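Below: the structure, in C-alpha coordinates.
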Amino acid sequence: MYTTSMTLREAIADAEAKKVAIGHFNISNIEMLWATFHAAKRLGVPAIIGVSEGERDFIGVKQIVAIIKSIREEYNYPLYLNADHTYSFEKVKEAIDAGFDSAIYDGAKLSFEENVKVAKQCVEYARGKVSSSGAPILIESELGYIGQSSKVLDGIPEGVDLKEGLTKPEQALQFVKESGIDLFAPAVGNIHGMMRVGNDPDLDIPRIKEIRKEAGVPLVLHGGSGTTDSDFVKAIEAGISIVHISTELRVAYVNGIKKSLQENPEEVAPYKYMKLPVQEVEKVVEGRLKLFNKM
Ligand SMILES: [Zn+2]
(Lines give C-alpha, C1' and ligand atoms only; values in the text may rest on other atoms or scores of the structure.)
Protein backbone atom coordinates (compact mmCIF):
# COMPACT_ATOMS: atom_id res chain seq x y z
CA MET A 1 0.00 0.00 0.00
CA TYR A 2 1.40 3.36 -1.02
CA THR A 3 1.05 6.37 1.27
CA THR A 4 1.98 9.99 1.15
CA SER A 5 5.04 9.30 3.33
CA MET A 6 6.79 7.61 0.40
CA THR A 7 9.21 10.09 -1.14
CA LEU A 8 9.63 10.42 -4.89
CA ARG A 9 13.09 8.85 -4.67
CA GLU A 10 11.60 5.86 -2.83
CA ALA A 11 8.76 5.55 -5.34
CA ILE A 12 11.28 5.48 -8.20
CA ALA A 13 13.41 2.84 -6.44
CA ASP A 14 10.26 0.79 -5.87
CA ALA A 15 9.33 1.05 -9.56
CA GLU A 16 12.84 -0.02 -10.61
CA ALA A 17 12.73 -3.03 -8.32
CA LYS A 18 9.37 -4.07 -9.78
CA LYS A 19 10.46 -3.32 -13.37
CA VAL A 20 7.56 -0.93 -13.83
CA ALA A 21 7.53 2.82 -14.53
CA ILE A 22 5.83 5.79 -12.87
CA GLY A 23 3.57 7.78 -15.18
CA HIS A 24 4.30 11.53 -15.50
CA PHE A 25 1.35 13.51 -16.85
CA ASN A 26 1.35 17.17 -17.88
CA ILE A 27 -1.59 19.30 -16.88
CA SER A 28 -2.70 22.85 -17.69
CA ASN A 29 -5.56 23.16 -15.21
CA ILE A 30 -7.44 21.52 -12.36
CA GLU A 31 -9.64 19.49 -14.74
CA MET A 32 -6.61 17.62 -16.08
CA LEU A 33 -5.23 17.27 -12.56
CA TRP A 34 -8.41 15.60 -11.26
CA ALA A 35 -8.56 13.35 -14.32
CA THR A 36 -4.99 12.17 -13.65
CA PHE A 37 -5.41 11.79 -9.91
CA HIS A 38 -8.68 9.86 -10.18
CA ALA A 39 -7.20 7.42 -12.69
CA ALA A 40 -4.10 6.86 -10.51
CA LYS A 41 -6.15 6.47 -7.34
CA ARG A 42 -8.50 3.96 -8.93
CA LEU A 43 -5.49 1.82 -9.89
CA GLY A 44 -3.64 2.48 -6.61
CA VAL A 45 -0.34 3.54 -8.21
CA PRO A 46 1.85 6.63 -7.63
CA ALA A 47 1.80 9.36 -10.28
CA ILE A 48 3.77 12.48 -11.08
CA ILE A 49 2.07 15.69 -12.16
CA GLY A 50 4.22 17.69 -14.57
CA VAL A 51 3.97 21.39 -15.33
CA SER A 52 6.20 23.04 -17.92
CA GLU A 53 7.25 26.69 -17.60
CA GLY A 54 4.19 27.70 -19.65
CA GLU A 55 1.83 25.44 -17.72
CA ARG A 56 2.98 26.65 -14.33
CA ASP A 57 2.86 30.29 -15.37
CA PHE A 58 -0.74 29.65 -16.38
CA ILE A 59 -1.76 27.84 -13.15
CA GLY A 60 0.53 29.71 -10.75
CA VAL A 61 3.80 28.29 -9.39
CA LYS A 62 2.85 28.49 -5.70
CA GLN A 63 -0.79 27.61 -6.36
CA ILE A 64 -0.04 24.26 -8.03
CA VAL A 65 2.22 23.33 -5.09
CA ALA A 66 -0.62 24.14 -2.66
CA ILE A 67 -3.17 22.11 -4.65
CA ILE A 68 -0.94 19.03 -4.93
CA LYS A 69 -0.13 19.25 -1.22
CA SER A 70 -3.82 19.43 -0.34
CA ILE A 71 -4.66 16.34 -2.43
CA ARG A 72 -1.68 14.42 -1.04
CA GLU A 73 -2.74 15.17 2.52
CA GLU A 74 -6.48 14.68 2.10
CA TYR A 75 -6.14 11.32 0.35
CA ASN A 76 -2.84 10.19 1.94
CA TYR A 77 -1.66 9.60 -1.60
CA PRO A 78 1.79 9.52 -3.28
CA LEU A 79 1.17 12.25 -5.85
CA TYR A 80 4.29 14.17 -6.87
CA LEU A 81 4.92 17.49 -8.56
CA ASN A 82 7.62 18.02 -11.17
CA ALA A 83 8.78 21.28 -12.77
CA ASP A 84 8.99 19.94 -16.33
CA HIS A 85 11.36 21.44 -18.96
CA THR A 86 12.92 24.42 -17.24
CA TYR A 87 15.32 26.42 -19.33
CA SER A 88 17.20 28.50 -16.75
CA PHE A 89 18.72 28.19 -13.27
CA GLU A 90 16.46 31.04 -12.08
CA LYS A 91 13.29 29.14 -13.02
CA VAL A 92 14.59 25.92 -11.42
CA LYS A 93 15.35 27.90 -8.26
CA GLU A 94 11.82 29.34 -8.28
CA ALA A 95 10.32 25.81 -8.44
CA ILE A 96 12.62 24.51 -5.68
CA ASP A 97 11.76 27.47 -3.44
CA ALA A 98 8.03 26.90 -4.08
CA GLY A 99 8.28 23.27 -2.87
CA PHE A 100 8.24 21.08 -6.01
CA ASP A 101 9.36 17.45 -5.56
CA SER A 102 11.63 17.61 -8.59
CA ALA A 103 12.74 19.89 -11.39
CA ILE A 104 14.14 19.31 -14.86
CA TYR A 105 16.86 21.57 -16.07
CA ASP A 106 16.66 21.38 -19.87
CA GLY A 107 19.88 22.43 -21.53
CA ALA A 108 19.57 19.88 -24.34
CA LYS A 109 19.99 22.60 -26.96
CA LEU A 110 23.21 23.92 -25.42
CA SER A 111 26.76 22.58 -25.65
CA PHE A 112 27.66 19.65 -23.37
CA GLU A 113 29.82 21.91 -21.18
CA GLU A 114 27.18 24.62 -20.76
CA ASN A 115 24.46 22.01 -20.11
CA VAL A 116 26.56 20.30 -17.39
CA LYS A 117 27.51 23.61 -15.79
CA VAL A 118 23.93 24.83 -15.23
CA ALA A 119 22.70 21.33 -14.26
CA LYS A 120 25.40 21.23 -11.57
CA GLN A 121 24.37 24.67 -10.33
CA CYS A 122 20.76 23.41 -9.99
CA VAL A 123 21.90 20.28 -8.11
CA GLU A 124 23.98 22.36 -5.69
CA TYR A 125 21.05 24.67 -5.02
CA ALA A 126 18.62 21.77 -4.44
CA ARG A 127 20.84 19.92 -1.96
CA GLY A 128 19.65 20.28 1.62
CA LYS A 129 16.32 21.79 0.56
CA VAL A 130 13.03 19.93 0.91
CA SER A 131 9.79 19.83 -1.07
CA SER A 132 6.35 20.74 0.29
CA SER A 133 6.09 17.11 1.50
CA GLY A 134 9.40 17.38 3.38
CA ALA A 135 11.33 15.19 0.94
CA PRO A 136 14.68 15.85 -0.77
CA ILE A 137 14.27 17.58 -4.17
CA LEU A 138 15.45 15.64 -7.22
CA ILE A 139 17.09 17.25 -10.25
CA GLU A 140 16.79 15.79 -13.73
CA SER A 141 18.65 16.76 -16.88
CA GLU A 142 18.45 15.90 -20.54
CA LEU A 143 21.20 15.11 -22.97
CA GLY A 144 20.31 14.84 -26.63
CA TYR A 145 17.77 17.02 -28.42
CA ILE A 146 14.29 15.51 -28.98
CA GLY A 147 12.27 18.60 -29.99
CA GLN A 148 10.49 21.02 -27.71
CA SER A 149 6.74 21.13 -28.14
CA SER A 150 3.92 18.80 -27.14
CA LYS A 151 1.75 18.90 -30.23
CA VAL A 152 0.56 16.82 -33.18
CA LEU A 153 3.39 16.59 -35.74
CA ASP A 154 3.54 16.19 -39.51
CA GLY A 155 7.23 15.22 -39.40
CA ILE A 156 10.21 14.71 -37.09
CA PRO A 157 10.85 18.03 -35.23
CA GLU A 158 13.53 20.26 -36.75
CA GLY A 159 16.99 19.75 -35.28
CA VAL A 160 16.29 16.18 -34.15
CA ASP A 161 18.82 13.67 -35.47
CA LEU A 162 17.59 10.12 -34.91
CA LYS A 163 21.02 8.66 -35.69
CA GLU A 164 23.98 10.81 -34.58
CA GLY A 165 21.82 12.85 -32.18
CA LEU A 166 21.06 9.93 -29.86
CA THR A 167 22.68 9.98 -26.42
CA LYS A 168 25.88 7.94 -26.17
CA PRO A 169 26.32 5.81 -23.02
CA GLU A 170 29.78 7.23 -22.26
CA GLN A 171 28.40 10.80 -22.50
CA ALA A 172 25.66 9.85 -20.03
CA LEU A 173 28.27 8.63 -17.56
CA GLN A 174 30.33 11.82 -17.91
CA PHE A 175 27.25 14.05 -17.60
CA VAL A 176 25.93 12.38 -14.44
CA LYS A 177 29.38 12.30 -12.86
CA GLU A 178 30.11 15.98 -13.52
CA SER A 179 26.66 17.38 -12.71
CA GLY A 180 25.57 15.10 -9.84
CA ILE A 181 21.98 14.90 -11.15
CA ASP A 182 19.48 12.40 -9.68
CA LEU A 183 17.60 11.47 -12.87
CA PHE A 184 18.72 11.32 -16.46
CA ALA A 185 16.63 11.83 -19.62
CA PRO A 186 18.33 10.45 -22.73
CA ALA A 187 17.53 10.75 -26.43
CA VAL A 188 16.90 7.16 -27.52
CA GLY A 189 14.64 7.64 -30.54
CA ASN A 190 11.90 9.39 -28.52
CA ILE A 191 10.52 12.74 -29.73
CA HIS A 192 8.39 15.41 -28.07
CA GLY A 193 4.91 15.60 -29.59
CA MET A 194 3.28 12.81 -31.56
CA MET A 195 2.96 11.99 -35.24
CA ARG A 196 -0.39 12.78 -36.87
CA VAL A 197 -0.21 9.64 -38.99
CA GLY A 198 1.24 6.35 -37.72
CA ASN A 199 3.38 5.81 -34.64
CA ASP A 200 6.41 7.70 -33.39
CA PRO A 201 9.89 6.36 -34.36
CA ASP A 202 11.04 3.10 -32.73
CA LEU A 203 13.02 3.36 -29.52
CA ASP A 204 16.62 2.12 -29.37
CA ILE A 205 16.14 -0.48 -26.62
CA PRO A 206 19.76 -1.80 -26.37
CA ARG A 207 20.91 1.82 -26.01
CA ILE A 208 18.52 2.36 -23.08
CA LYS A 209 19.97 -0.69 -21.35
CA GLU A 210 23.54 0.50 -21.84
CA ILE A 211 22.79 4.08 -20.77
CA ARG A 212 21.12 2.88 -17.57
CA LYS A 213 24.21 0.83 -16.76
CA GLU A 214 26.66 3.64 -17.52
CA ALA A 215 24.66 6.55 -16.05
CA GLY A 216 24.05 4.79 -12.72
CA VAL A 217 20.88 6.81 -12.04
CA PRO A 218 17.21 6.15 -12.93
CA LEU A 219 16.17 7.05 -16.48
CA VAL A 220 13.22 9.13 -17.65
CA LEU A 221 11.60 8.71 -21.06
CA HIS A 222 10.26 11.96 -22.49
CA GLY A 223 7.91 12.30 -25.43
CA GLY A 224 5.95 9.15 -24.58
CA SER A 225 2.86 10.20 -26.56
CA GLY A 226 2.63 8.26 -29.83
CA THR A 227 5.04 5.50 -28.75
CA THR A 228 3.76 1.95 -29.31
CA ASP A 229 2.72 -0.20 -26.36
CA SER A 230 5.33 -2.84 -27.17
CA ASP A 231 8.12 -0.22 -27.24
CA PHE A 232 7.00 1.06 -23.83
CA VAL A 233 7.09 -2.44 -22.35
CA LYS A 234 10.57 -3.10 -23.76
CA ALA A 235 11.89 0.35 -22.70
CA ILE A 236 10.68 -0.13 -19.11
CA GLU A 237 12.22 -3.60 -19.04
CA ALA A 238 15.49 -2.07 -20.29
CA GLY A 239 15.67 0.54 -17.51
CA ILE A 240 13.17 3.38 -17.89
CA SER A 241 11.61 4.34 -14.52
CA ILE A 242 9.45 7.35 -15.42
CA VAL A 243 7.48 7.94 -18.64
CA HIS A 244 6.21 11.37 -19.72
CA ILE A 245 2.83 11.72 -21.43
CA SER A 246 1.56 15.12 -22.51
CA THR A 247 0.34 15.47 -26.12
CA GLU A 248 -2.08 12.52 -25.85
CA LEU A 249 -3.77 14.23 -22.90
CA ARG A 250 -4.01 17.55 -24.73
CA VAL A 251 -5.59 15.86 -27.75
CA ALA A 252 -8.10 13.94 -25.59
CA TYR A 253 -8.95 17.11 -23.69
CA VAL A 254 -9.57 19.38 -26.68
CA ASN A 255 -11.54 16.72 -28.57
CA GLY A 256 -13.63 16.17 -25.45
CA ILE A 257 -14.45 19.89 -25.25
CA LYS A 258 -15.42 20.04 -28.93
CA LYS A 259 -17.68 17.01 -28.62
CA SER A 260 -19.23 18.25 -25.39
CA LEU A 261 -20.10 21.68 -26.85
CA GLN A 262 -21.44 20.16 -30.05
CA GLU A 263 -23.70 17.82 -28.10
CA ASN A 264 -24.86 20.52 -25.66
CA PRO A 265 -24.69 23.84 -27.53
CA GLU A 266 -26.97 25.58 -24.99
CA GLU A 267 -25.02 24.48 -21.91
CA VAL A 268 -23.22 27.37 -20.16
CA ALA A 269 -22.17 25.74 -16.86
CA PRO A 270 -18.46 24.85 -17.16
CA TYR A 271 -18.69 22.13 -14.50
CA LYS A 272 -21.25 20.40 -16.71
CA TYR A 273 -19.75 20.71 -20.19
CA MET A 274 -16.24 20.01 -18.83
CA LYS A 275 -17.24 16.59 -17.52
CA LEU A 276 -16.72 14.85 -20.86
CA PRO A 277 -13.18 16.20 -21.51
CA VAL A 278 -12.21 15.19 -17.96
CA GLN A 279 -13.50 11.64 -18.60
CA GLU A 280 -11.61 11.50 -21.91
CA VAL A 281 -8.32 12.52 -20.26
CA GLU A 282 -8.95 10.06 -17.43
CA LYS A 283 -9.32 7.21 -19.93
CA VAL A 284 -5.96 8.01 -21.53
CA VAL A 285 -4.19 8.25 -18.16
CA GLU A 286 -5.72 5.00 -16.97
CA GLY A 287 -4.64 3.14 -20.11
CA ARG A 288 -1.08 4.44 -19.85
CA LEU A 289 -0.82 3.69 -16.11
CA LYS A 290 -2.01 0.13 -16.63
CA LEU A 291 0.63 -0.40 -19.30
CA PHE A 292 3.47 1.24 -17.32
CA ASN A 293 2.55 -0.68 -14.15
CA LYS A 294 2.00 -4.06 -15.85
CA MET A 295 -1.66 -4.23 -14.79
ZN1 LIG B 1 9.72 16.25 -22.10
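The magnitude of the dipole of region 197-295, with charges of +1 and -1 set on the Cβ of Lys/Arg and Asp/Glu and taken from the Cα centre, is near 220 debye. State the antiparallel share, in %, of DSSP beta bridges confined to the chain, rounding to the nearest 5. Rounded to the nearest five, the antiparallel share is 5 percent. One Cα centroid belongs to region 189-215, the other to region 81-112; the line between them spans 22 Å. With the full set of protein chains in place, find how many percent of the accessible area of region 59-205 is carbon and sulfur; take the probe as 1.4 Å. Ligands and nucleic acids excluded, carbon and sulfur reach 51 percent. Considering only alpha-carbon pairs that sit under 8 angstrom and 6 or more positions apart, the relative contact order computed for the chain is 20 percent.
For the chain, a simple Cβ point-charge model (Lys and Arg +1, Asp and Glu -1, everything else neutral) yields a dipole of about 620 debye relative to the Cα centre.
Mean sequence separation of contacting Cα pairs (under 8 Å, at least six apart), scaled by the length of region 225-295, corresponds to a relative contact order of 39 percent. When the Cα centres of region 221-295 and region 55-75 are compared, how far apart do they sit, in Å? The distance from the Cα centre of region 221-295 to that of region 55-75 comes to 20 Å.
Of Tyr87, Tyr273, Tyr105, which is the most mobile in a GNM of the chain whose springs link Cα atoms less than 10 angstrom apart? Between Tyr87, Tyr273, Tyr105, it is Tyr273 that shows the largest mean-square fluctuation. Note on Lys41: aspartates and glutamates with a C-alpha under 13 Å away, same-chain residues under 8 apart excluded, are Glu74, Glu282, Glu286. In the chain, if the dipole is taken from +1 on Lys/Arg beta carbons and -1 on Asp/Glu beta carbons about the Cα centre, which of Gly128, Leu162, Ile12 is farthest to the positive end? Positive-most Cα among the choices belongs to Ile12. Comparing Ile59, Ile96, Ile68 in a Gaussian network model of the chain, where Cα atoms under 10 Å apart are tied by springs, the biggest mean-square fluctuation is seen for Ile59.
Compare the Cα positions of Asn255, Ala108, Tyr87 along the charge dipole of the chain (+1 at Cβ of Lys, Arg; -1 at Cβ of Asp, Glu; about the Cα centre) and return the one farthest towards the positive end. Farthest towards the positive pole: Asn255. With springs only between Cα atoms under 10 Å apart, run a GNM on the chain and tell me which of Thr247, Thr228, Thr36 wobbles the most. Ranking Thr247, Thr228, Thr36 by mean-square fluctuation puts Thr228 first. Counting every pair of alpha carbons in the chain, the share spaced more than 31 Å apart comes to 23 percent.
A cut-off under 14 angstrom between Cβ atoms defines the neighbours of Gly44, and their net charge, with Lys, Arg +1 and Asp, Glu -1, is +3. Computed with a 1.4 Å probe on the full set of protein chains, the accessible area for Val130 sits at about 80 Å². In the chain the longest region clear of GluC sites (Glu not before Pro) that are loop-assigned by DSSP and have at most 14 other C-beta atoms within 10 Å covers 1-157. Averaged per residue, region 220-273 has 45 square angstrom of accessible surface, using a 1.4 angstrom probe with ligands and nucleic acids left out.
Partner lysines whose Cα lies under 23 Å from the Cα of Lys259, excluding those fewer than 8 positions away in the same chain, are identified as Lys151, Lys272, Lys275, Lys283. Counting only residues at least eight positions apart within a chain, or on another chain, the lysines with an alpha carbon under 28 Å from that of Lys120 are Lys62, Lys69, Lys91, Lys93, Lys109, Lys129, Lys163, Lys168, Lys177, Lys209, Lys213. Does region 141-184 come out rounded, prolate or oblate by the C-alpha gyration tensor, with a ≥ b ≥ c the root eigenvalues, rounded set by a/c under 1.5 and, if not, prolate when a/b is larger than b/c and oblate if not? Note, shape of region 141-184 comes out oblate. Per residue of the chain, the DSSP helices (runs of n ≥ 4 H) give a summed -39500 (n - 2.57) that works out to -15000 deg cm²/dmol at 222 nm.
With an a/c value of 1.5 or above and a/b larger than b/c for the gyration tensor axes a ≥ b ≥ c computed over the alpha-carbon atoms, region 84-210 is described as prolate.
The values are calculated or read from the model by the stated rules, or taken from the named source; none is laboratory data. As the structure is a computational prediction, the values presented were derived from the model and not from experiment. As a convention, Cβ positions derive from the backbone with ideal geometry for all residues, glycine included, and neighbour counts pool all protein chains shown. Keep in mind that these areas ignore ligands, DNA and RNA; they rest on the heavy atoms of the full protein, side chains included. Shrake-Rupley method; radii C 1.70, N 1.55, O 1.52, S 1.80 Å.
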